[in-house]
Amino acid sequence: MSFRIIVLAKQVPDTRNVGKDAMKADGTVNRAALPAIFNPEDLNALEQALRIKDKMKDAEVIILTMGPTRASEIIREAMYRGADRGYLITDRKFAGSDTLATSYTISLAVKKLAPYHLIISGRQAIDGDTAQVGPQAAEKLGIPQITYAEDVQSVENNIVTVKRRLERGVEVVSCPMPALITVHSSAPACRNRNSKLLMKFKHARAVTELQEETKDYTELHSHRPYLKIEEWSVADLDADFEMLGLTGSPTKVKKIENVILQQKDSKVISSDDKEVEALMVELINNHVIG
Amino acid sequence: MNNIFVYCEIENGNVEDVSLEILSKGRKLANQLNCKLEAVVIGTQLNNIESQLFPYGVDVIHVADDPRLYPYTTLSHAAVVVNVFKEEKPEIALFGATSVGRDLAPRVASALKCGLTADCTSLVIGDHTENKTGTEYKNLLYQIRPAFGGNIIATIINPDTRPQMATVREGVMKKEIVSTTYQGIVKKVDIGAFITDEDFIVKIIERHIEEQKINIKSAPIIVAGGYGVGSKENFKLLYDLADLVGGQVGASRAAVDAGYVDHARQVGQTGVTVRPKLYIACGISGAVQHRAGMDQSVQIISINNDPNAPINLIADYTIIGNVSDVIPKMIRYYKENSK
Ligand SMILES: Cc1cc2nc3c(=O)[nH]c(=O)nc-3n(C[C@H](O)[C@H](O)[C@H](O)COP(=O)(O)OP(=O)(O)OC[C@H]3O[C@@H](n4cnc5c(N)ncnc54)[C@H](O)[C@@H]3O)c2cc1C
Ligand SMILES: Nc1ncnc2c1ncn2[C@@H]1O[C@H](COP(=O)(O)O)[C@@H](O)[C@H]1O
């Protein structure tokens, strides 16, 4: 039996480069104006998985992502860097999932991929910064979690040992596998694309993607089955409908406000000696300082 | 039943600041909802823990005391919290948005199948009407948090599941003692009934936790420097001013990235959140991620050579000028005018 590592990765809008056009007039986010990227810490997670694979002859790295058809872009991206294959979990019924519904859906997909040894996810996704999906998936699968990993130090005799990065220090912990690990941004960056793998996988497509393609991939995919990205919908997962999507999400968004700077009553002064002195006197008299 | 629960973090026998801050907020919410405030404390040698907690207005403390429960591990603490919550049925459950709280709370929320909102910066009680069904909800917890990289502020509610769970950022709630003579009761958790050996399969091999040396959170005055300060040497001016007025030095991420100052001083979304009575922003442009950590300051002074820097919009006073020119003047005139 091979050593199976499942990497959870999400395609996210690049919230770090939000321009003026990223917010619509009504205060909602204009997702279309933001480039969709591989969630940064999921790349750190992928690298940890690939490092284990480098050391082990029979390890395989499977990438799992839940999202719209377009999310298969990151499955290809992961394959260019060394992942063996990927699964796209996609269905309209998943829309509106909060972290509880997302982790439930992901846990069902993971169960279909059993037996597995490690699940590696990013610490958090930059669209919500919640850091909840990893631990919640671990709970649903009934396996231990190790969060904020900076280095998966060893996987031996069915024990994984991990160095964790905490707010005020570090911890080294170990536990039996299977286990779920979430990876922190302080872990090593992901390796670059490999040009051979890029050539090999650039025509990898998921079924719904093929439906949108003008080019006919039927021939190619029948010769090279590894180019088919597996796709799972609700029908493929043994799901309780009540726990999916919006229905399965206990948290509701009541209100969204755009962050707008409000002009305060503000005194503007120059760096002129007199003005600076007057300000200091005012601050002292008002007991703001001193 | 229907009370407010706060999970308290312990380090070396002391309740962490973040937990005391959340208890202070919890007390106010409890007064508003006319319910009790309860604390869950898990660790070892907790004999005297109530003396640290009662002053914050805690009515009931659930203590789980066992040598195996310190330092914190996920599964054992989750088992205790989940079982206490199943018995006590809290209305609201709050955790710190810390390495511990953000590891524990999702595990608990998943086990209880309830909603959880991460990283809240504000908690408010309010009503809600469900548009589709017209169902009315009274006294829900509005869980308010920045999202989308700090570009939006979202209000999240959990209408139907209990407890309503949230993690709360460190430094955003004010730590307030209710009364040094406040009295509550202590309940011992029956650990044997709640945890099994399986909950200890994650072993801690090594642990290095640094005492928090620099703590700018509780400083009444913060002199913060940004990339515009220009160098590590120029930052000395900021330390001088801070020392003089009894403050601490803070920084923007750009200043930290440039190596001018230590990361522990970073203010903002990925640093600490502060609310001093005076925040002096020197050479800081005021990016949304920075403002997220300081815009609740009582007064803000911006020193910037760009009259159009966004920080000026939230400043009470803007000094248009060069940092290395203005700060020595502030130091001089402070010395001359203070008694
Ligand atoms: C996910 C994410 C998280 C982030 N988290 C944080 C965070 O927690 N905290 C944070 O601070 N940033 C954070 N940032 C970075 C943030 O977006 C800004 O890049 C950063 O705050 C800018 O720092 P600054 O204002 O010091 O530098 P700049 O934007 O370069 O501004 C320098 C300012 O100094 C002025 N200036 C220049 N020379 C002088 C002079 N001689 N005298 C007076 N004024 C002068 C300039 O006019 C300018 O306004 C984050 C970014 C991302 C994407
Ligand atoms: N839709 C998704 N598909 C795959 N992985 C996900 C998804 N959502 C979250 N994750 C994983 O869970 C981590 C934490 O996400 P979050 O709780 O949203 O901050 C991410 O870094 C991913 O590894």
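Descriptive notes on the structure:
- Separation in nanometres of the label points that stand 7 Å from Cα toward Cβ, at B:Asp160 and B:Thr270: 3.8
- Judged by the gyration tensor of its Cα atoms, with axes a ≥ b ≥ c, the stretch A:127-191 is oblate; a/c meets the 1.5 cut and b/c is at least as large as a/b.
- Between A:Val152, A:Val253, A:Val172, the Gaussian network model of chain A with springs among Cα atoms under 10 angstrom shows the greatest mean-square fluctuation at A:Val253.
- Percent of beta bridges antiparallel (DSSP, the stretch A:114-189, rounded to nearest 5): 65
- Cα lying deepest toward the dipole's positive end in the protein assembly as shown, options A:Ser233, A:His287, B:Val108, charges on Cβ: A:Ser233
- Gaussian network model of chain A, springs between alpha carbon atoms under 10 Å - residue of A:Glu171, A:Glu277, A:Glu73 with greatest fluctuation: A:Glu277
- Unit charges on C-beta of K, R, D, E only; dipole of the protein assembly as shown, Debye: 720
- A cut-off under 15 angstrom between Cβ atoms defines the neighbours of B:Thr196, and their net charge, with Lys, Arg +1 and Asp, Glu -1, is -4.
- Helix B:323-337 vs. chain B, principal-axis angle (Cα, 0 to 90°, nearest 10): 90
- Choice from A:Leu100, A:Leu43, A:Leu113 with maximal GNM fluctuation in chain A (Cα, 10 Å cutoff): A:Leu113
- The residues packed around B:Val223, meaning those with a beta-carbon under 10 Å from its beta-carbon, carry a net charge of -2 if Lys and Arg are +1 and Asp and Glu are -1.
- Phi angles of the stretch A:181-197 translate, via the Karplus equation with coefficients 6.51, -1.76, 1.60 and θ = phi - 60°, into HN-Hα couplings of 10, 10, 10, 8, 5, 7, 6, x, 5, 6, 4, 6, 4, 9, 5, 5, 5 Hz per residue; Gly and Pro are given as x.
- Projecting the Cα atoms of B:Pro55, B:Gly283, B:Ile185 onto the dipole axis of the protein assembly as shown, where Lys and Arg carry +1 and Asp and Glu carry -1 at the beta carbon, places B:Gly283 farthest toward the positive end.
- Taking the C-alpha atoms only, the angle from helix A:99-112 to the longest principal axis of chain A is near 20 degrees.
- Each label was represented as a point 7 Å from its Cα along the Cα-to-Cβ direction; for B:Asp257 and B:Asp240 these points are 2.9 nm apart.
- Where GluC sites (Glu not before Pro) fall in DSSP loop in the stretch B:80-186, at most 13 other Cβ within 10 Å: B:Glu130
- Computed extension length for A:Arg224-A:Ser270: 9.5 nm, one decimal, from 0.36 nm per residue of separation with the Cα-Cα distance subtracted.
- FRET E, pair B:Thr135, A:Phe241, Förster distance 22 Å, beta-carbon r, rounded to 0.05: 0.60
- Counting only protein heavy atoms and using a 1.4 Å probe, the accessible area of B:Ser24 comes to about 10 Å².
- Entry comment: accessible area of the stretch B:4-200 is 37 Å² per residue, from protein heavy atoms only and a probe of 1.4 Å.
- Between 0 and 90°, nearest 10: helix B:232-245 axis offset from chain B longest Cα axis: 70
- Separation of the B:Asp325 and B:Thr196 label points, Cα + 7 Å toward Cβ, nm: 7.3
- Solvent-accessible ranking of B:Lys132, A:Lys252, largest area first, probe 1.4 Å: B:Lys132, A:Lys252
- DSSP-defined antiparallel bridges as percent of all bridges, the protein assembly as shown, nearest 5: 35
- Accessible surface of B:Lys28 - all protein chains present, 1.4 Å probe, nearest 10 Å²: 100
- Net length available on complete extension from B:Asp127 to B:Asn48 is 24.5 nm, with 0.36 nm assigned per residue and the Cα-Cα distance removed.
- Amide hydrogen neighbours beyond the local backbone of A:Arg164, cut-off 5 Å, H modeled: A:Glu150, A:Glu171, A:Val172, A:Val173
- Relative contact order [Cα under 8 Å, 6+ residues apart], chain A, whole percent: 22
- Label-zone membership for the stretch B:6-42, site B:Ser218, 7 angstrom Cα→C-beta point, backbone N under 20 Å: B:8-27
- Heavy-atom SASA rank of B:Lys232, A:Lys55, A:Lys267, B:Lys329 (probe 1.4 Å, accessible area, largest first): A:Lys55, B:Lys232, A:Lys267, B:Lys329
- DSSP bridge pairs, chain B: antiparallel proportion in percent, nearest 5: 25
- Computing FRET efficiency as 1/(1 + (r/R0)^6) for A:Ser233 and B:Asn337, where r is the C-beta to C-beta distance and R0 is 51 Å, gives about 0.10.
- The stretch A:201-278: C-alpha gyration tensor shape, a/c 1.5 cut-off, then a/b vs b/c: oblate
- B:Ala93 long-range amide H proximity, modeled H, under 5 Å: B:Phe5, B:Gln164, B:Met165, B:Ala166
- List B:Ile303, A:Ile269, ordered by accessible area with a 1.4 Å probe, largest first: A:Ile269, B:Ile303
- Sites A:Thr208 and B:Glu206, calculated FRET efficiency, Cβ-Cβ separation with R0 35 Å, nearest 0.05: 0.15
- The stretch B:168-261 shape via C-alpha gyration tensor axes, a/c threshold 1.5: oblate
- Residue among B:Ile314, B:Thr121, B:Cys35 farthest towards the positive dipole end of chain B, charges placed on Cβ: B:Ile314
- In the complete set of protein chains, residue-level accessible area for A:Glu213 is approximately 60 Å², probe 1.4 angstrom.
- Karplus-derived HN-Hα couplings along the stretch B:267-273 (A = 6.51, B = -1.76, C = 1.60, θ = phi - 60°), whole Hz, x at Gly and Pro: 9, x, 3, 9, x, 8, 9
- Summing +1 for each Lys or Arg and -1 for each Asp or Glu among the other residues whose beta-carbon sits under 10 angstrom from that of A:Lys163 gives -2.
- Check: the stretch B:4-200 dipole with +1 on Lys, Arg Cβ and -1 on Asp, Glu Cβ, in debye: 540
- Amide H contacts under 5 Å for A:Ile37: A:Val12, A:Asp14, restricted to partners 5 or more places along the chain or on a different chain, H placed in the peptide plane at 1.01 Å from N.
- For the stretch B:275-292, putting each phi into the Karplus relation 6.51 cos²θ - 1.76 cosθ + 1.60 with θ = phi - 60° gives couplings of 9, x, 6, 9, 10, 9, 9, 10, x, 10, 6, x, 4, 4, 5, 6, 4, 3 Hz, in residue order, rounded to whole numbers and with x for Gly and Pro.
- Stretched out straight at 0.36 nm per residue, the stretch from B:Lys113 to B:Ile177 would grow longer than its current Cα-Cα span by 19.7 nm.
The values are calculated or read from the model by the stated rules, or taken from the named source; none is laboratory data. These numbers were taken from a predicted model, which means no experiment stands behind them. In this analysis, Cβ positions are derived from the backbone assuming ideal geometry, glycine residues included, and neighbour counts consider all displayed protein chains. Accessible surface is based on the protein model in full, side chains and every heavy atom, while ligands, DNA and RNA are left aside. Shrake-Rupley method; radii C 1.70, N 1.55, O 1.52, S 1.80 Å.
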